[in-house]
1. Mind counting the residues in the range 351-378 that are surrounded by 12 or more Cβ atoms within 10 Å (Cβ to Cβ) and closer than 17 Å to T281 by Cβ?
2. Going through the range 414-439 one residue at a time, which ones are part of a loop (DSSP other than H, G, I, E, B), surrounded by fewer than 22 Cβ atoms within 10 Å (Cβ to Cβ) and not small (G, A, S)?
3. Show the residue pairs meeting these rules: Cβ distance below 7 Å; 6+ apart or different chains; first residue within the range 459-471 and under 17 Å from S94 (Cβ atoms); second residue part of a helix (DSSP H, G or I) and not hydrophobic (A, V, I, L, M, F, W, C).
4. Which one is surrounded by the fewest Cβ atoms within 10 Å (Cβ to Cβ) among residues in the range 384-411 that are without any contact (Cβ under 8 Å) to a residue 60 or more places away in the chain and not basic (K, R)?
5. Taking E97, is it more than 27 Å from V370 (Cα to Cα) and either touching a Lys or Arg at 6+ places or on another chain (Cβ under 7 Å) or surrounded by 18 or more Cβ atoms within 10 Å (Cβ to Cβ) (or both)?
6. So R289 passes all but one of these: (1) outside any loop (DSSP other than H, G, I, E, B); (2) at pLDDT below 95. Which condition number does it fail?
Amino acid sequence: MNFQHDIIVVGSGAGGAAAAYRLVEAGQRVLLLEKGEPLPRDGSTLDIHQVVHGGAFLSREPWLDGAGRHFVPEEHFNVGGKTKWYGAALLRFSPAEFREDRANGYRGWPFPCEVLENYYGIAESLLGVRRIAVEPDLANVLSTLARRAPGWRSESLPMALDPRIADDLHEARHFDGFASVRDLKHDAQLALLDPIVDAPNFTLRSGVEVSALLADPRDASRIIGVRTQDGQVFKAPRVVLAAGALHSPRILARYIRQHRLADQLPGVSAVGANLKLHLLTAMVSLGARRMTDTLRKTAFLTHEDYPHSSVQPLGFDAELIATLMPGFVPRRLARLMAERAYGFFLQTEDASVPANRVSDVERDGIPARVMDYEEARSPVAAREHRAFTRAFSRALMKTGRVSFSKRIGIQGTAHACGTLVCGVDAGNSVVDPTGRVHGLKGIYVADGSILPRVSRVNPSLTIYAWGLRVGDLIADAVRREAAGAEMVMP
């Protein structure tokens, strides 16, 4: 069979862009298909009224929760995926966060952290990750915290921000949750796709939604391409799923159902299962002094009593913090309070729970997307998160600050991971340690779906590292196959 492409990558976020970058570097003919379009560069992605109040760039896809209630996840479909909008904090998982922890319901990775060590370094270099000095207002809060609540430890946060951002106040105050116009926040498109976009062996097609995987007519266990929502067909001997933890498992599950492969795949029950979102809380802390820091998101806090939790400041100025104030507070008062406030983002690792899953169902003959997730299924993590939130609020009170918090619910899918979990045992995992789907040929996964654990920090850097590794492993496999074919030729 003649193929126009060697590899098709579905999705242009952290994992998909990283895999595509390495494969193009290795000389493979890569087609990258992205459901969304490139973001505009007219300043609208920095406009609080369009981004925050209007939700202009959010997906409108309707979903159902486990109880059948309608909601809309905070998803973005665009070239570069969520990385265009993320807060640019890129942290490594610790060695302990690769190991199994049965007491807390945390699965182990099928390899130690050293396997990703080199790829962490490559990702950090490509994305220009650096530690930024803590600004004066936050430094004052942290020093007071260290004196009055000494159990809290802080360190500077590794960030993918261009040093020039300090000279552009508008971008500096609107990078966390906004997309840069001047490329001052480094993301998957800027760091990985732009350098290869003109390569003769790379094709990027945006506005193309993949709806189905294609089977080899002679062997349904082999994937040979994809079909898009508008009926186009693209073929390649290898397909890399990187559509995200809410979407990649549904594409794979659709294929398994269509070709009645469930009985042949021992880990089929894990497809879509083990959804992890992090337990998340936004906290606003008020003090007597006006806060004048610009970037704000420059530190990372932990406490040894809460080993699976962490705190980062929100990169929000007064205008943005005012949007987090309770609704009963008059808007003018909310703005005045916000000028004396700092925002914080608290997160706790949740467990891998098979019942927490994404799937497609039919309701009255109409297909529906379902996200059945309940934090109560991770009771140890839920208790730690509640205690962690109370402890941080009390600690801030010792510095003279009054805080209130707001839980981020099921719609907050920025850190969604784990729905095609990676493991050695094909009976309870979907993807093997090289990125291949157990029991199928020609199909790999490069996004956050594979994460067995999500750690207490943002998963972006680990997804980049995994995608780079998958790209290298596929390129190596192609080279070995080519060498083997040459050896058997007469």
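The values are calculated or read from the model by the stated rules, or taken from the named source; none is laboratory data. Since the model is a prediction, treat every value here as computed from it, not as a measurement. Ideal geometry is used to build each Cβ from the backbone, glycine not excepted, and the neighbour counts take in all protein chains shown.
1. Residues meeting the conditions: 4.
2. Listed by number, the residues that qualify are V424, D425, N428, D432, P433, T434, H438.
3. P459/G448; S460/T83; L461/Y120; I463/G15; I463/G448; A465/Y119; A465/Y120; W466/G15
4. G409
5. Taking the combined requirement at face value, the residue satisfies it.
6. Only one criterion in (1) outside any loop (DSSP other than H, G, I, E, B); (2) at pLDDT below 95 is unmet by R289, namely (1).
Quick grid of which residues meet (1) at pLDDT 95 or above; (2) of a type in the set (G, A, S):
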residue	(1), (2)
P367	no, no
E384	yes, no
T389	yes, no
G409	no, yes
V445	yes, no
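Residues checked against (1) at positive phi; (2) at pLDDT 95 or above; (3) more than 20 Å from the chain's Cα centre (by Cα); (4) not assigned by TED's automatic domain parsing to the domain that holds P249:
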residue: N2; (1), (2), (3), (4): no, no, yes, no
residue: A14; (1), (2), (3), (4): no, yes, no, no
residue: A26; (1), (2), (3), (4): no, yes, yes, no
residue: R29; (1), (2), (3), (4): no, yes, yes, no
residue: K35; (1), (2), (3), (4): no, yes, no, no
residue: L46; (1), (2), (3), (4): no, yes, yes, yes
residue: H53; (1), (2), (3), (4): no, no, yes, yes
